[in-house]
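So the structure is just underneath, and the comments pick up after that.
The values are calculated or read from the model by the stated rules, or taken from the named source; none is laboratory data. This one's a predicted model, so the numbers in the text were calculated from it and none came from an experiment. Cβ placement follows ideal geometry from the backbone for every residue including glycine, while neighbour counts extend to all protein chains displayed.
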Amino acid sequence: MNPAATAVPAAIHCGGPGLGRSACAMVFVTAGSWSDPPGRSGLAHLWEHAFFAGSGRHRTARDFAAAASALGHTFNGHTAAEYTYFYLSGPADTLDRAMDLLLTCYTAPRWDDGEMAIQRRAIDNELRVFGDDRQRRVRQLATEALHGTGPFALSPLGRTAEIASLTGSDVAAFAREHAGPGRLAVLVDSPAHDSRLDDVIARHFAPARSRPTTGPAPAGYGPLTHLALELAGRTAVVALAVPGVSYRLTTREMYAMRLFHSILGGIPGSRVGTRLRDELGLAYQARTVLEPHAATGALITLFTCAPERVTEAVCAVTRILDEALDAPVSAAELARAVAMNRGIHARDRETPTARCLVRGREILRRGALPPEEEQFALWGDIGADEVLTTARRVLLPWQTRCAVVGPPGTHQPLTEAPELPGAWKLVG
């Protein structure tokens with residue numbers, strides 16, 4: 001089957017023959033937390049939790065879990081800013097029945113009040129875990145620094161007080177208004193094409209031929225602001241977010257930026273890690289991540305250090321970035337970055353679930369599904385000059401945002417640092 005020509009939500013097949021005996025069916029929806037209505041933060045997240053909490057003849061989450069496990073399948077879901085996905089994964093010979101279970105959750109949910117209460121409590125406990133995780137807190141602060149104080153700055157997990165008031169009727173309205181079939185792709189990865197899967201989909205959906213439409217997303221960045229959260233402890237966790245990376249870039253430009261990120265701080269022996277850990281002794285670990293969205297995003301440097309050395313570490317990172325945008329990329333650095341990204345590329349496609357998720361994101365970002373061989377070959381087709389030229393054109397270092405989670409007063413010296421123009425805000 002040609003994925004690019006497949007009707008949506010007819011199954012998009014992500015695998016190929018001879019890939020083993022396991023399989024995955026995934027519902028990928030182009031609606032996430034950025035689709036939450038005002039004052040109802042966490043609604044998409046509650047929908048994700050409630051998705052498996054009773055549907056069709058399976059009245060409760062326990063009933064559904066028993067039915068899925070009887071087929072040998074595990075299941076899960078995830079809420080991101082721009083999308084939500086749900087999947088079952090297990091033996092290929094029961095995939096048709098597993099897919100029927102999965103799609104019944106979408107087409108015939110129960111939204112039982114008792115089950116909703118259970119899921120709200122589960123999310124409350126999840127938020128407690130998030131609150132104690134400094135790395136996740138600083139990543140979320142970096143998102144807020146990039147996007148301002150509006151809905152695009154909120155965590156996909158939601159806010160406890162707003163989630164507490166959400167009901168099954170709210171979840172039903174979200175599913176109807178923001179996550180309808182026009183936002184849906186059904187993805188399948190199995191050792192061989194199984195026509196029974198298309199029959200299952202036909203029982204649940206009328207045919208539709210358009211690609212999934214996308215939900216709301218920020219068109220630009222918020223005011224230049226740095227954020228600090230004061231928490232007692234012996235360390236400070238810092239994020240420096242350099243705007244510019246988004247899916248407005250072409251696939252080739254995104255590959256070039258992934259190579260630049262790898263050289264800067266994304267792989268062992270990278271510039272940031274070597275300088276901060278080995279040469280300056282400022283941090284145990286330091287790394288970079290790419291966090292692109294539809295029209296916004298950033299290259300983010302993350303590190304943990306002693307609170308009294310935060311300013312020294314931040315200044316060191318800004319110098320490393322300046323040098324990286326000024327000095328050529330060496331042949332050895334590029335070769336290692338290409339090799340590592342080829343390895344990551346292969347690892348991210350090792351399992352049926354992983355291949356479905358990669359394809360779902362490609363549908364969201366690009367619409368088309370390029371051949372896998374073409375995608376893999378692109379890593380070796382980008383030279384050092386192209387990596388540097390792309391990074392210089394894309395990144396906006398003068399718009400860098402800083403987020404700090406640490407003991408009281410940790411961020412105070414940074415308010416005077418010339419490397420970080422802009423206002424500082426202390427968050428609760």
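Rundown of residues vs (1) free of Cβ contacts under 8 Å to residues at least 60 places away in the same chain; (2) over 27 Å from G20 (Cα atoms), yes/no style:
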| site | (1), (2) |
| --- | --- |
| T301 | no, yes |
| D326 | yes, yes |
| A335 | yes, yes |
| N341 | no, no |
| H345 | yes, no |
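One residue is enough: does segment 297-316 have a residue meeting the conditions assigned to a helix (DSSP H, G or I) and closer than 30 Å to E82 by Cβ? Within segment 297-316, one or more residues are assigned to a helix (DSSP H, G or I) and closer than 30 Å to E82 by Cβ.
Every condition in (1) touching a helix residue (DSSP H, G or I) at 6+ places or on another chain (Cβ under 9 Å); (2) of a type outside the set (K, R); (3) touching a residue at least 40 places away in the same chain (Cβ under 8 Å) is met by A206 except one, and the failing one is (3). Selection of segment 273-300 for residues being farther than 19 Å from V245 by Cα and among the hydrophobic types (A, V, I, L, M, F, W, C) yields L276, L280, L282, A283, A286.
Considering each of L141, L127 in turn, give the residue that is surrounded by fewer than 21 Cβ atoms within 10 Å (Cβ to Cβ), under 19 Å from the mean Cα position of the chain (by Cα) and at pLDDT 95 or above. Checking each option against the conditions leaves just L127. The condition of being of a type in the set (K, R) and buried (at least 20 other Cβ atoms within 10 Å of the Cβ) holds for only one of R347, R355, R319, R366, that being R355. The residues of segment 88-123 that are exposed (fewer than 14 other Cβ atoms within 10 Å of the Cβ) and touching a Ser or Thr at 6+ places or on another chain (Cβ under 6 Å) amount to a single one, A108. When F64 is tested against (1) under 19 Å from the mean Cα position of the chain (by Cα); (2) farther than 28 Å from T149 by Cα; (3) among the aromatic types (F, W, Y), just one condition goes unmet, and that condition is (1). For segment 414-422, the criterion of a residue being among the small types (G, A, S), part of a loop (DSSP other than H, G, I, E, B) and touching a His at 6+ places or on another chain (Cβ under 9 Å) is satisfied by at least one position. Taking segment 31-127 as the region of interest, the helices (runs of 4 or more DSSP H) fully inside it that hold 2 or more residues being touching a residue at least 60 places away in the same chain (Cβ under 8 Å) and among the acidic types (D, E) are 95-107.
Could you say whether any residue in segment 276-292 is touching a residue at least 40 places away in the same chain (Cβ under 8 Å), surrounded by 17 or more Cβ atoms within 10 Å (Cβ to Cβ) and among the β-branched types (V, I, T)? Within segment 276-292, not a single residue is touching a residue at least 40 places away in the same chain (Cβ under 8 Å), surrounded by 17 or more Cβ atoms within 10 Å (Cβ to Cβ) and among the β-branched types (V, I, T). Restricted to strands (runs of 3 or more DSSP E) entirely inside segment 159-266, those with at least 2 residues that are over 30 Å from V387 (Cα atoms) and not β-branched (V, I, T) are 184-189, 225-230.
Across segment 144-154, the qualifying residues are those that are surrounded by fewer than 20 Cβ atoms within 10 Å (Cβ to Cβ) and touching a helix residue (DSSP H, G or I) at 6+ places or on another chain (Cβ under 9 Å), and the one among them that is nearest to A286 (Cα to Cα) is A153.
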